[in-house]
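Below is one structure, written out as structure tokens; comments come after it.
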Amino acid sequence: MNKIGEIWRRLVLLTRREQLEEELGEEMRFHLEMKIQDNIEAGMSPSQARRAAYLQFGNRTLAREDSRELWGFGWLDRLGQDLRFGFRMLAKSPGFTSIAVLSLALGIGANTAIFSVVNAVLLRQLPFKDPDRLVSMHRITLADGRDGIPSHSVAVAWGEKAELPELTSWAGNYTTRGPYLLDGVPRELHELSVGVDLFQVLGTNPVLGRNFSAAESGEVIISHGLWQRHYGGAPDVIGRGISGNGRPSDVIVGVMPPGFWVHPWTADADLWAAVKNPGGYLKPIGRLKPGTTIEQAEAEINVIAENTEKHAFYAKYPARLELRPLKRVIADRYGSTLNLLSGAVGFVLLMGCANVAVLLLGRATWRHKEISTRAALGAGRWRLVRQLMTESALLAGAGGLSGTVVAYGGIKLFTMLAPEWYPPSEEIGVDEQVLAYTLGIALLTGLLFGLVPALQSSKQDLTVALKEGARDTAGDSRRRLRRLLAVSEVAIALTLLAGAGLMINSFVRLVTADRGFNQKSLLTMTFRLGGEAYWDEEHRRPKPGAVARVERVIDRVKTLPGVVSAGLNSYIFQPGRGEFFRIVGRAEPASADDPMAKYNETGGDFFGTMETPLIRGRLFTRQDTEGSHRVAIINQALARKFFPNEDPIGKSLQTPRIRSYSYEEPREIVGIVGDIISFVRGGGRPEIFVPYRQYTRTRKGEYYTLRKYFVIRTATERMSLVEDVRKAVSDIDPELTPDFETMETAVANSSGIEAWGASAVSEIQSLRFHVRLLSIFAGLGLFLAAVGLFGVISYSVAQRTHEFGLRMALGAQRSDVLRDVLREALVLTLLGLGIGAVASLALTRFIESQLIGVTSTDPATFAAVSAVLVGFALLAAYVPARRAASVDPMVAMRHE
């Protein structure tokens, strides 16, 4: 209680400090005047009386300090003195201060920017009601552990059980991007198909309008961003129509809150469309009821699955259903990338701290006389350390403030470079948690880079240090420490450069890889034929008019000037593992060994347009129609894997029907073509091609959508033909709205990676993102390493000025001095490269899964980045080396 009372008393006194100071001054003046008056009355002259009073009264400044100590203000005064002195010392060295603050700002800013992403994605609570109760459902095949999508029948059965948790489904892996008409204005929008009750289960309601109605069709909910961009935030947007994605007209029924995104699959959806009958391609999300554990829910759902999935397909491919917290799914999706980036920026921060420590140690060389004088006048070692640490804290504070500014720019850069599957920019920002993190980083860096230099500088031999011309008595230990820090910076820089170099090497191999076709002079066109006028519900297939219309488009485009050939494909770059098929005449294999292949429908001169070679047999002809003999073409990968020692020409296979577990009539293999590689990491994958005229398998949803991808080989500049092709398509059907891309752009945007729990991600987009960020961090590391070496060599040259002058006076050439200084820099760099190589070989294994066509120990990459680092190191050392070689021997001899 006494301690609390004392603290309270001091706080009260602190608020009355100015008043207490005035009262103390008045009290001291009163007593001094009284003493002078007493001396005069005792017979002294006024001057004698005043002098005697002052002598008797003692040191008034000391009395004031003693009083302040009693009030508890002494520490505050000393802190103020240290801060003022620190500001003056830093202001006297603007070059040193600028470089130190810049080094810290880069390190702290990069860390703050990445932490803001980590905070938004992994640490912050999901913006849903009771997010800890949200789970996603996964179907794990027992034979191979493959993570797949549960059947919709199980999801429906689970949701109908009143005693079980709620459940919804949504199409996280079924997104479309294309032209839409908004109030008659064409817009490129990104749509995400979702279950009708998704937003209710998530517990997030629109800020305007309402949720989907299970009784109505053709409803969409738009994002807050689209509402602001296109509709200007107008409240009467509810009820307006949107047409696109093969649907004649949808009605806007709601607007979602700002920054809303459906975790963790897609972040940039412009609108969400309700799916009433989702079938088997939607990913279930559920909400556990209070008191229900994941284990209990899993047990119940697996019982339901046993009673529901009685089809022979499920009997052949038994699986267990697994529930995972939604937060875990998000961590699995983003964790590895963000951990990699966090490690990279951590290295940048360490280099910034090492840089400032090098600068402080070098600066101590110039201040050893000042520090020795202060020590001789009575300053204890702790007092000196405290003063030096105060200066370090000021640097850290300035670095933290500057780093916050850098972080804002870093966040903008991240959101600009990040793929569309990252959270929207509204979700990533500098909030209270990020500011607290920045403050903690700044304090930690101040302690990290300031303590050792302060302890080193405060260690003085006063007898030697105060002699005229004496050198810094702690110089040798400081010199060793500076060199150690410089070597460490080079090692860290090599690690960052090696990681970035491997990524760049992978990216180059990815974009230059032979994909089995000629990308040059290829133009791609995509359009959708939509509406029930094109769908034969009785036979569940497109009506002949739809097929004929596509044929007319191909024939019309071929006749255009500048067009060499044209063809179509259901999807050139189809992601995923493919679909099961059967080889006629072979015994049915075990479930884990069932053959799988990608399935594509082709039309026109597809293979000729792609310039994909025919290996054996024949290509499709115009005689391969619906009523003719059913045929198929396979690629080399399928032939190698499933017909290793036999000729597949003439053999038959069966492909599955969409949304059923039966197979189509057999197809005869009539040709083998080269592999069209969409996913370089996996190489050529088994693929089956069938004639577009024979049968088109198309998913049937609320509205039928026929989506076709055309390839057009041109003899002129590709994009110059866009308007001619667009007009030709419009002549056939004015409602068709084709999209155009060069083949290189289509490849870059293609989905090359697909996994359950994540939407398909482009190989090139993902790798480009990592390459850009790691290259930025490696560039920062290279800059900081160069600055550190520059500081070390500069202070080394300054300390050796007398030596250089003496050597040159004795006949040494300028080239000898230059070579000597550069040799020192080269030795430090090579030591750092040796240590960094060992560390890099260990750490680059963490990015091995991201590499394509190159190993994590690629010697060419390591040699290249080492050469770059040596070049920058010698360049950084050249300026002080040249200064050393320019020393005037006479001036150097008089040095110190």
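The values are calculated or read from the model by the stated rules, or taken from the named source; none is laboratory data. Small disclaimer: the values here were computed from a predicted structure and weren't measured. Counting neighbours? That spans all protein chains shown, and the Cβs are built from the backbone with ideal geometry, glycine included. To get the accessible areas, we keep the full protein, side chains included, count just its heavy atoms, and leave off ligands, DNA and RNA. Shrake-Rupley method; radii C 1.70, N 1.55, O 1.52, S 1.80 Å.
For the pair E551 and S98, the difference between a 0.36 nm per residue extended length and the Cα-Cα distance amounts to 156.2 nm. Please give the solvent-accessible surface of D197 in Å², to the nearest 10, using a probe radius of 1.4 Å with every protein chain present. Counting only protein heavy atoms, D197 exposes about 50 Å² to solvent.
D514 contributes about 120 Å² of solvent-accessible surface, heavy atoms of the protein only, 1.4 Å probe. Spacing of the modelled spin labels on L810 and E579, each 7 Å from Cα toward Cβ, amounts to 8.7 nm.
Taking all protein chains together and rolling a 1.4 Å probe, H629 ends up with roughly 110 Å² accessible.
Spin-label model, M719/S521: points 7 Å from Cα along the beta carbon direction are separated by 2.0 nm.
The share of Cα pairs per 10 Å bin across region 763-833, counted from zero up to the longest distance, runs 17, 33, 22, 14, 9, 4, 1 percent.
Please list 562-570, 142-150, 104-112, 550-558 highest first by mean number of surrounding beta-carbon atoms within 10 Å per residue. It would help to have the intermediate numbers written out before the result.
Numbers: 562-570: 21.0, 142-150: 14.3, 104-112: 27.2, 550-558: 19.1.
Most protected by this proxy first, the peptides run 104-112, 562-570, 550-558, 142-150.
The distance between label points at A214 and R819 comes to 8.8 nm (points 7 Å beyond Cα on the Cα→Cβ vector). FRET efficiency for the pair F85 and L122, taken as 1/(1 + (r/R0)^6) with r the Cβ-Cβ distance and R0 = 30 Å, rounds to 0.10.
So how do 227-240, 350-363 stack up, highest first, on mean other-Cβ count within 10 Å? Don't skip to the answer; put the middle values down first.
Working: 227-240: 13.4, 350-363: 26.5.
Top to bottom by mean Cβ count within 10 Å: 350-363, 227-240.
Subtracting the Cα-Cα distance of E848 and L181 from their residue separation scaled by 0.36 nm leaves 235.7 nm.
Using 29 Å as the Cα-Cα cut-off, could you pick out the over-long pairs in K520/K727; K543/K727; K289/K412; K412/K598; K283/K520; K327/K708?
Values: K520/K727 24 Å; K543/K727 25 Å; K289/K412 39 Å; K412/K598 39 Å; K283/K520 38 Å; K327/K708 37 Å.
With Cα atoms farther than 29 Å apart: K289/K412; K412/K598; K283/K520; K327/K708.
FRET efficiency for the pair S336 and E295, taken as 1/(1 + (r/R0)^6) with r the Cβ-Cβ distance and R0 = 22 Å, rounds to 0.25. Peptide packing: for 42-53, 249-260, the average count of neighbouring Cβ atoms within 10 Å per residue gives the ranking 249-260, 42-53, highest mean first. Between A839 and A864, the contour length at 0.36 nm per residue exceeds the Cα-Cα span by 7.3 nm.
If R₀ is 51 angstrom, what is the calculated FRET efficiency for the pair D739 and V405, using the beta carbon separation as r and rounding to 0.05?
On the way: r = 40 Å, r/R0 = 0.79.
The calculated FRET efficiency here is 0.80.
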